[in-house]
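The values are calculated or read from the model by the stated rules, or taken from the named source; none is laboratory data. It should be emphasised that the depicted structure is a prediction, and the values quoted were computed from it without experimental measurement. Cβ atoms come from the backbone with ideal geometry, glycine included; neighbour counts cover every protein chain shown.
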Amino acid sequence: MFTNMSLAGGNQKVDGIVDKLLEGKARYSELEKRTGVPWFVVGVLHYAETGLNFQTHLHNNDPLTARTVSVPAGRPTTGQPPFTWEDSALDALEFSGVTRTQDWSITRILYVLERYNGFGYRRRQLNSPFLWNCTSHYSKGIYVSGVFDPESMPKHCGGAAILKRLVDRQLIALK
């Protein structure tokens, strides 16, 4: 699917996201050193979960001024608020199991991204917008507050679209 997808609406929207993601590359690279998770995977998760907001938890976009309240609640379990984005993001990557991944091929990256958001779309036999929004492999339908709305559209582009532009612009190479 990754190889034969095209970007819906062209490159301009996704290029803007990639440019903003690159602004945080130094912070993502520091997490890569601590976890082994490629900087661009951290960046895609950061975009998808928080819209690249460094003032909120990577877990769920709750403010860093306290432990998370939304699912997963009570994170990070160690340390005292306010949390740094890096410490909270490290907890999110460890808690979700992303740090246990050793294979960073495109197939595994897409699986890790989808697992991070959940497999609810698979049960509906739909491509996850968390991966495929802004590509030829997605049209509409999202979960809103835990309820599936077949007519709603997500605000964020999917991780596959962002990865594709990173590859196309020769900013990363994928296996």
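Annotations for the structure displayed:
- Every residue from the range 3-26 that is at pLDDT 95 or above, surrounded by 17 or more Cβ atoms within 10 Å (Cβ to Cβ) and farther than 13 Å from residue 166 by Cα: 5, 24
- Residue among 108, 122 that alone is surrounded by fewer than 20 Cβ atoms within 10 Å (Cβ to Cβ), of a type in the set (Lys, Arg), modelled with pLDDT of 95 or more and not in a loop (DSSP other than H, G, I, E, B): 108
- The listed residue being of a type in the set (S, T, N, Q), closer than 17 Å to residue 7 by Cα and under 13 Å from the mean Cα position of the chain (by Cα), out of 128, 139: 128
Yes or no, residue by residue, for (1) farther than 24 Å from residue 24 by Cα; (2) surrounded by 15 or more Cβ atoms within 10 Å (Cβ to Cβ); (3) out of contact with any strand residue (DSSP E or B) (no Cβ under 8 Å at 6 or more places or on another chain):
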residue	(1), (2), (3)
71	yes, no, yes
89	no, yes, yes
92	no, yes, yes
96	no, yes, yes
112	no, yes, yes
116	no, yes, yes
126	yes, yes, yes
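- Consider the range 6-39 and keep the residues that are part of a helix (DSSP H, G or I) and hydrophobic (A, V, I, L, M, F, W, C). The one that is farthest from residue 89 (Cα to Cα) is 14.
- Test: residue in the range 152-170 that is free of Cβ contacts under 8 Å to residues at least 24 places away in the same chain, in a helix (DSSP H, G or I), surrounded by fewer than 19 Cβ atoms within 10 Å (Cβ to Cβ) and out of contact with any Asp or Glu (no Cβ under 9 Å at 6 or more places or on another chain): yes
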